[in-house]
Amino acid sequence: MTDYMPHEAPAHSAQEIPASAPPKLIGRDPALKQIYGQLKQGNPVHIHGQPGVGKTALAATLSSAYAGQPGGVLWMNVDEPRLEELLVRVGRAYDITDITNSSNPIGMIGAVENTLRQHKPLIVIDGDISEDVATRFITRCATGLPTMLVSENKLEGPWGALELPPLTIEDALMLFKQEARITDASLDASITALTLQLNNLPLGIVVAAKAMLASKQQPADYNTILGQVATATGATGPVIAIAASFRGLTNALQGVLLLMGATFDGRASADMLSMISGAPVENITQAMNIITQLRLVETIQRSGEPYYVLHTITHRFLQTWLKTSNRLETLEAKVRDTIVAYSEKYKLDQNSYNKLAIEMDAFLAAAHWAKENDQPDLISQLIANLNDADDFVTDTGYTYELMALRDLTSGSTSAFPGHPSSGVSISDDLQSPEDFLDDFILSDDDDDDFNEDDFDDEDFDDEDDFEEDDLEDEIDFGDDDDEEVISENRPLQIFSDLDDESEPVVIPAPPATIDLTTTDITQLRSTLAQLKQSGDLNRQPDVLKAIGQQQVSRGMNNEAIATYTDLLNVFEELDNKRGVVETIDMLSALMVKNENSQAAIMQASRGARLAQEMNDATTQMHLLTTLGDARQQLGESDAAINDYTGALAISREMGDTQNEAIILYKLGYAQLDGSDPETAIETWEQALQLFKTQGKRGYEGQTMGALGSAYGDLDRWSESLSFHNSALYIAREVGDRDEEAQQLASLGYAAVQANDLGQAVLRYRQALHLALEDDNTDDIVSNIVDLTRLLAESRKHLLIAQVLIDKASAHDPTDPDVLKLTERISSEITLAEAYQTNMLAVNGTVEDYAANAYSLLDA
């Protein structure tokens, strides 16, 4: 293998990002500022909105700012991936063979997390993804790393969400004029009418502007053409612009674009398109340069070669056109055969590993298509060719993808995205299909090469920059009254689910009075938008506080962090130091709650200094406590002790015994983690007396549990058991199930250390009952592991141990302790049977086994 370069590798320049950032992003400054503020804090952000609204362009613009950083940008285009796929793609990006060659990628989550923490990239996940997969990837692998999720639908999860709306009328006008190179203000009214017809969506605006520029039309005339297309087709929004631009191409350029439309995922390399069409790669590249300039396709780089990508709307438009003109089935068969031929061509050449890797997405897309269309031979051929490609799969890290192909040879699969629904129709009068591919698609009995006359040299310019003259001979809109080209008798119904026919968003003036008592976050956000639009900075803090309070009350902590960050920015702009300090107090506490420790330390440190300068002892105490919490999360116990001690001194000076007790409780844990259990005991005894005086029964029990842990560290197990038992009693009294489960597990461990194995088994069974009732997988597995280790020491309990470990394996088959115990118990049972040991029979289920023990607590 020579010079293999994975296309997933992090981008370290704007040119390497697999999405194009516009020269100037218009109308998105507030979104850029808000998202960038979150990314700087290491917080995940979710950008969502309708197709064509510019989500990917926004993400690409932000990514360009990160590309020059040491970590670069790890960009992953996705289409409903499983978690395993994301893990493997990270492994390929950083050439971690332990990840890429694993037959069980889920078991490599730790390795993926360590890899990402080491390299610290900006992570971008662009495309459809489930909430579950996104949540698991971010929380298990990318905590604290700047991450953007970009998708059409809003996802609920541990991230701040921002919906990208259509452009305002003013911004839509500015974008069109920028793309069409118009400076004449007298044309503004015509342009506004044109952009409104496109629903003010950037995709349609840019496509229309480029087509109008290339055809040398005026805005009013081109708006008439768009209206004709809309009337004839029934299309709305960006689809109008795409249909009109497509209609103006020559047959040759239409043919190349329709080849892209026939691919199963709307993506292909120049080499693949050349093989499908029979045209030389140079001619394909020249044609795609023109189509790219018209913004009908995007050109990116994969492994140093041009790679072409259709927007989802454009791909569906082309598929619909092909289907209605009865060309889709024939052309898809051509694409299918070419994909197999492509894999056959490059399978034996180690120097062609890049070629195979570039089109791995095409192989998978073709396999899904074959699954849907009951053509298993195609999948088998692809598998065989990849297997024949020497060490391609293992050397380049495509073990998971090969396994995915094998999985498709059996079982069921969902419909592969990208195919238009059967109910969509399109008029073949939009552009006569009779000859559009005659020179592109070779019939089975036609061995002639591609007819290069369709690509006269004079039609192309080698310069990469867009020039109007490059397209002059490739665009032909005919006369303004072009009814003969556009048939009004065959209306088109295209993607009604994607198009928004509502009026452009117009933000009214802010109300004179604002209802801050409402619980409707949407209403509050609408009010905030009005205040921002009108430049009313003074009233924004009250609305932001109301939004933040609602988010916190609903457990929407990530969203609340974003809101309080906005609030902080407003107070800083107003130079309101009191507001800044109070907001930092709330913001840093939320960050600790979300375990965003580094960001919390940065904010709380700044806030504590400001509070001290303002002689605000109460807020300084709060912030020092938060600072200690954040340092504890990072394992910096000595620093946490200093922070808690400072907060404790302030609480005592103020006579604030409520906060004094809480700080003492937290300080004790920092001391215990700092290997000083004696001091921790002294601290907790002080806290215990305060909690008793204050009647805080729950905290009293938690402090007793903490004392039990401290005495355990001193190997004073009888005292440890006594405190844990007291803590258990109080937890049950106040109904704190989490604390009850913790104390039962602690009692089990303490009983083992005290060599009271019978009591240890009982406690672990009781803890297991709570875990099973709460369906808490982590606690179920950990309690079974602890319990099984004890039972495995006695041969007569081996059958019970086997039932238990089988239960744990059903919850987490990859847990290393579960795997080791499964093997051990199997071996022990074999020996027990050999020695004819009388093993206790299993009566009932694991749930019964745990519940029976738990019932003894009530007795």
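The values are calculated or read from the model by the stated rules, or taken from the named source; none is laboratory data. Since the structure is predicted, the reported quantities are computational estimates derived from the model, not experimental observations. With ideal geometry, Cβ positions are generated from the backbone for all residues, glycine too; neighbour counts draw on all protein chains shown. Surface accessibility is based on the protein's heavy atoms, side chains included, excluding ligands, DNA and RNA. Shrake-Rupley method; radii C 1.70, N 1.55, O 1.52, S 1.80 Å.
A residue that is part of a helix (DSSP H, G or I) and open to solvent by 10 Å² or more (accessible area, probe 1.4 Å) cannot be found anywhere in region 253-263.
Among the conditions (1) within 17 Å of the chain's Cα centre (by Cα); (2) open to solvent by less than 30 Å² (accessible area, probe 1.4 Å), the only one that residue 92 does not satisfy is (1). Taking interchain pairs and intrachain pairs at least six residues apart, which have beta carbon atoms under 8 angstrom, with the first residue in region 112-123 and surrounded by fewer than 23 Cβ atoms within 10 Å (Cβ to Cβ) and the second part of a helix (DSSP H, G or I) and basic (Lys, Arg)? These pairs meet every condition: 113/140.
Against the list (1) within 42 Å of the chain's Cα centre (by Cα); (2) at pLDDT below 95, the condition residue 759 fails is (1). Scanning region 801-826 for residues that are touching a residue at least 24 places away in the same chain (Cβ under 8 Å), farther than 18 Å from residue 104 by Cβ and surrounded by fewer than 20 Cβ atoms within 10 Å (Cβ to Cβ) yields 803, 824, 826. Summed over region 189-206, the residues that are closer than 17 Å to residue 311 by Cα and open to solvent by 10 Å² or more (accessible area, probe 1.4 Å) give a count of 3. Residues in region 46-68 that are among the hydrophobic types (A, V, I, L, M, F, W, C) and outside any strand (DSSP E or B): 53, 57, 58, 59, 60, 62, 65, 67.
The residue pairs whose first member lies in region 517-543 and is in contact (Cβ under 8 Å) with a residue 12 or more places away in the chain, whose second member is among the acidic types (Asp, Glu), and whose beta carbons are closer than 9 Å, counting only pairs six or more residues apart or on different chains, are 521/559; 524/515; 527/515; 528/566; 530/536; 537/573; 540/566. Of the conditions (1) modelled with pLDDT of 95 or more; (2) open to solvent by less than 40 Å² (accessible area, probe 1.4 Å), residue 604 fails just one. Which one is it? The single condition residue 604 does not satisfy is (1). Just so you know, in region 95-111 the residues that are of a type in the set (Gly, Ala, Ser) and free of Cβ contacts under 8 Å to residues at least 40 places away in the same chain include one that is surrounded by the most Cβ atoms within 10 Å (Cβ to Cβ), and it is 111. Report yes if residue 80 is modelled with pLDDT of 90 or more, closer than 27 Å to residue 819 by Cα, open to solvent by 20 Å² or more (accessible area, probe 1.4 Å) and under 15 Å from the mean Cα position of the chain (by Cα), otherwise no. No: the conditions fail for residue 80.
Would you say residue 609 is of a type outside the set (Val, Ile, Thr), under 23 Å from residue 691 (Cα atoms) and assigned to a helix (DSSP H, G or I)? It is false that residue 609 is of a type outside the set (Val, Ile, Thr), under 23 Å from residue 691 (Cα atoms) and assigned to a helix (DSSP H, G or I).
The residue of region 17-32 that is farthest from residue 298 (Cα to Cα), among those that are more than 20 Å from the chain's Cα centre (by Cα) and not in a loop (DSSP other than H, G, I, E, B), is 30. All of (1) basic (Lys, Arg); (2) under 29 Å from residue 588 (Cα atoms); (3) open to solvent by 20 Å² or more (accessible area, probe 1.4 Å) hold for residue 55 with one exception: (2). Of the strands (runs of 3 or more DSSP E) contained entirely in region 98-165, those carrying at least 3 residues that are of a type in the set (Val, Ile, Thr) fall at 122-128. Only residues that are open to solvent by 40 Å² or more (accessible area, probe 1.4 Å), of a type in the set (A, V, I, L, M, F, W, C) and more than 30 Å from residue 576 (Cβ to Cβ) were counted in region 607-640, giving 1.
Here residue 277 meets the list (1) of a type in the set (Ser, Thr, Tyr); (2) under 22 Å from residue 330 (Cβ atoms); (3) crowded, with 24+ Cβ neighbours inside 10 Å almost entirely, failing just condition (3).
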